[in-house]
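Bear in mind that the values in this text are calculations on the coordinates, not laboratory data. What you see is a predicted model, and the numbers here were worked out from it, not measured in a lab. With ideal geometry, Cβ positions are generated from the backbone for all residues, glycine too; neighbour counts draw on all protein chains shown.
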């Protein structure tokens, strides 16, 4: 097998090939995905775990409920990928990942997104033995889920800016201009591939995975994710806190990019253009929130990052004012009108 940190295998009919190659699988997935794909698993020696939450206290007990497997496969979206990491870590067995949609980059992240009373924290350190990208499966995924993958690429626009601020103020993580420049090149390529992404075609899906992989490799080498996870993630986490809802990851991240690129005065119109071209719907009704929910998420953002001890970003360096919030909300409603 390839000895790189993130060995990726591209192809078709990979689920059958993988599960036939070994026995004693634990497949971490959800009932809807399993019902759709179970016919591709011929191996009888499997156990199933259907993930319903990533609350840390719950999962600490859940990973004790099954045993006797010799490898774990995360089959699904972000929750399946992250839950699979917890199972593989707890039982010290190899981890395989097969995303069924590209809505989030969790299948490539070495950290695991867990929740403490609904607030996301990133913990752990585990690499997959193999990542399998099955285009038959991905092309059958609902289009909006693969479109959501744009979010974890576009987040680099605002997060890399936050990284620069963090390096100047806290000096805890040295800024790397080369990686920043590569981020700008990746965003240029994102614009080039957007048509294929919107049409759910293999070249666009392959680009998302390739870009995810480059991001993951840099993050693993630097031992942090600051250049991909910044103030834009803070916006959506605070919106989740306020509403009690969990959102489609990339959709909510793009909402955060919209507001934070403006707050940073950082390539805002570039962000607007990419979000619009992606056809990701970030209007309030698409997120099932109100304008006032978003208003409160912005107005309380400074306090939220302090209360949660989130690493330094524009949210610490600059005060969110009521005047700015009303101005940017008015622009948001012009850029993404209802109807």
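Only DSSP H runs of four or more residues enter the estimate; each adds -39500 (n - 2.57), and after division by the residues of the chain the mean residue ellipticity at 222 nm equals -16500 deg cm²/dmol. Taking the number of Cβ atoms within 10 Å of each Cβ as an exposure proxy, the fewest-first ranking of 25, 227 is 25, 227.
Relative contact order of the range 144-335, please, whole-number percent, based on alpha carbon pairs below 8 angstrom and at least 6 residues apart.
Contact order relative to length: 30 percent.
Determine the gain in length on full extension of the stretch residue 58-residue 126; use 0.36 nm per residue of separation and subtract their C-alpha separation, reporting nm with one decimal. Could the numbers behind the result be given before it?
Values: separation 68, 0.36 × 68 = 24.48 nm, distance 2.00 nm.
Length difference between fully extended and current span is 22.5 nm.
P(r) for the range 131-252, from all Cα pairs and a bin width of 10 Å, is 12, 40, 34, 13, 1 %, short bins first. Centroid-to-centroid, using Cα positions, the range 51-73 and the range 223-276 are 30 Å apart.
Stokes-Einstein, applied to the Kirkwood radius of the range 8-141 over Cα pairs at a viscosity of 1.567 mPa s and 4 °C, places its translational diffusion at 88 µm² s⁻¹.
Which of rounded, prolate or oblate describes the range 19-68 when judged by the alpha-carbon gyration tensor and an a/c cut-off of 1.5? Spell out each step's value before the answer.
Details: a/c = 3.62, a/b = 1.54, b/c = 2.35.
Oblate, because a/c is 1.5 or more while a/b does not exceed b/c.
Using a ≥ b ≥ c from the Cα gyration tensor of the range 200-281 (square roots of the eigenvalues), is it rounded, prolate or oblate, where a/c under 1.5 gives rounded and otherwise the larger of a/b and b/c decides, a/b for prolate? Taking the square roots of the gyration eigenvalues as a ≥ b ≥ c, the range 200-281 is rounded.
For the chain, pairs of C-alpha atoms spaced more than 36 angstrom apart make up 17 percent of the total. Listed from fewest to most Cβ neighbours within 10 Å, the set 237, 98 follows the order 237, 98. Projection of the Cα convex hull of the range 233-282, averaged over all directions and equal to a quarter of that hull's surface, yields 3.3 nm².
Taking a point 7 Å out from the Cα of residue 210 in the direction of its Cβ, the residues of the range 272-299 whose backbone N falls within less than 20 Å of it are 278. Taking every DSSP beta bridge that has both ends in the chain, the antiparallel portion is near 20%. Going by the alpha-carbon gyration tensor, a ≥ b ≥ c the square roots of its eigenvalues, is the range 144-335 rounded (a/c under 1.5) or, if a/c is not under 1.5, prolate (a/b greater than b/c) versus oblate? Oblate.
When 309, 118 are arranged by Cβ crowding within 10 Å, least crowded first, meaning fewest neighbours, the order is 309, 118.
What FRET efficiency do you get for residue 12 and residue 188 if R0 is 25 Å and r is their Cβ-Cβ distance, rounded to the nearest 0.05? It comes to 0.25. Relative contact order, whole percent, for the range 1-143 stands at 28, derived from Cα pairs under 8 Å and 6 or more residues apart.
In this label model, residue 201 and residue 178 are separated by 3.4 nm, measuring between points 7 Å along each Cα→Cβ vector.
Roughly how many whole Å is it from the C-alpha centroid of the range 201-220 to that of the range 83-158? The two parts, judged by their Cα centres, are 12 Å apart.
Helix 231-243 axis versus longest C-alpha principal axis of the chain: approximately 80°, rounded to the nearest ten.
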